[in-house]
Each structure stands twice: as C-alpha cells, then as structure tokens.
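Could you have a look at this structure, given as structure tokens, before my questions?
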Amino acid sequence: MSEIVVRDIQWGTKEYEDELALRNEILRVPLGLNLYKQDLSQENTYWHVGAFDGGRLVGTLLFIDRGEGVTQMRQVAVDESCRRQGVGRKMVAYGEELMKGKGFSTIVLDARKVALDFYLALGYQVTSEELILSGIPHFKMKKEL
C-alpha cells in the first residue's frame, strides 16, 4: 500500500460510482442487501469522503446534515485488504475537520458493534443501549467537535 490520500468525492463522478460499489460490497452484500435498491436520490446533498491508494478507492464515508449543528457520519467502509492500516482513522480525522470547517459542532453515528472499539478510541461516546439495525447490533454514538 502506498501513501493513502483522503479527499472529497464529488457526487455524480466516476469516483462516486466507485464509492457506491465499495459501500455495496463491504456494507450491504454481506447482509444480503443491495445498496442500489435503496433510495439514493438524496446522495447529492451529502458530503462524500474517499481514501485513495494511488488511483484506487480503498475507503469511504459520508456525512448528512441533521440540523442544529449536528451531522451524521454514515456508510464507513474500508476495503478488506487495507484494514488495520490506519485508513479508517485517517478518513474520520479528515471528515471531522471538514465538518468542523462547515460549522458543525457534533457528529453522531450508528456504529456496528464490531466497530465500537474503533470509535471509542477516536473519542466517540456511546449514547444508547444496543439496538438492531439492518439485522445486526449497533450503538448510537456521538462526538463534540
């Protein structure tokens, strides 16, 4: 793996299409779901972030404006071959700075139970009991920026 570059992804571009494919492969197919069957009509209003190894997209996440200074981080996905190498940490740090620069004061998210320790290590706090979303355990979390 070469130097990972994290930057914005523009909606409607080839990189955005690659993002959809990665999100589907990592987050939906293992659950028997298909991202392309979901309503993607609001995607152009979200902030999309990608991690690139050379020209290859290896990680992605997105943010949604939830109002009153709150943004929700969603669809965090890192290619299997690039996990545990700091890609997710680098994307989240970039995203936090991006959202802070856009005037947001709080990030909320629904963390899969298997990713709970990752978010705790980044300063996120659990704000709910365990809940089931898309058939798997999650926890609501938040972080003040």
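The values are calculated or read from the model by the stated rules, or taken from the named source; none is laboratory data. Given the structure is predicted, the values throughout are model-derived calculations rather than measurements. Note that each Cβ is placed from the backbone with ideal geometry, even for glycine, and that neighbours are counted across all protein chains shown.
Output the number of residues of the stretch 84-97 satisfying the condition of being over 18 Å from Asp117 (Cα atoms) and crowded, with 20+ Cβ neighbours inside 10 Å.
1
Quick check on Thr45: is it in contact with an Asp or Glu (Cβ under 8 Å, 6 or more places away or on another chain), closer than 22 Å to Val114 by Cα and among the polar types (S, T, N, Q)?
The answer is no for Thr45.
Take the residues of the stretch 98-139 that are charged (D, E, K, R) and under 14 Å from the mean Cα position of the chain (by Cα): which is surrounded by the most Cβ atoms within 10 Å (Cβ to Cβ)?
Filtering first and then ranking leaves Arg112.
Can I ask one more? Does at least one position in the stretch 66-80 carry a residue that is of a type in the set (Gly, Ala, Ser) and closer than 21 Å to Ile9 by Cβ?
Within the stretch 66-80, one or more residues are of a type in the set (Gly, Ala, Ser) and closer than 21 Å to Ile9 by Cβ.
Next question, about the same structure. So which pairs qualify, if the first residue must be in the stretch 33-50 and over 16 Å from Val76 (Cα atoms), the second must be assigned to a loop (DSSP other than H, G, I, E, B), the Cβ gap must be under 6 Å, and the two must be at least 6 apart or on different chains?
Asn44/Trp11
Does the stretch 40-54 contain at least one residue that is among the polar types (S, T, N, Q), at pLDDT below 95, surrounded by fewer than 18 Cβ atoms within 10 Å (Cβ to Cβ) and under 23 Å from His138 (Cα atoms)?
no
Next question. Look at Ser81 and say whether it is in contact with a Leu (Cβ under 6 Å, 6 or more places away or on another chain), surrounded by fewer than 17 Cβ atoms within 10 Å (Cβ to Cβ) and polar (S, T, N, Q).
no
List pairs: first residue in the stretch 99-117 and among the acidic types (Asp, Glu), second residue surrounded by fewer than 15 Cβ atoms within 10 Å (Cβ to Cβ) and modelled with pLDDT under 95 anywhere in the structure, Cβ distance under 7 angstrom, at least six positions apart or on different chains.
Listed by first residue and then by second, the contacts come to Asp110/Leu133.
Sticking with this one: Quickly run through the stretch 7-39 and pick out the residues that are surrounded by fewer than 18 Cβ atoms within 10 Å (Cβ to Cβ), among the basic types (Lys, Arg) and either touching a helix residue (DSSP H, G or I) at 6+ places or on another chain (Cβ under 6 Å) or closer than 23 Å to Ser134 by Cβ (or both).
Once the filter is applied, which keeps residues that are surrounded by fewer than 18 Cβ atoms within 10 Å (Cβ to Cβ), among the basic types (Lys, Arg) and either touching a helix residue (DSSP H, G or I) at 6+ places or on another chain (Cβ under 6 Å) or closer than 23 Å to Ser134 by Cβ (or both), the stretch 7-39 yields only Lys37.
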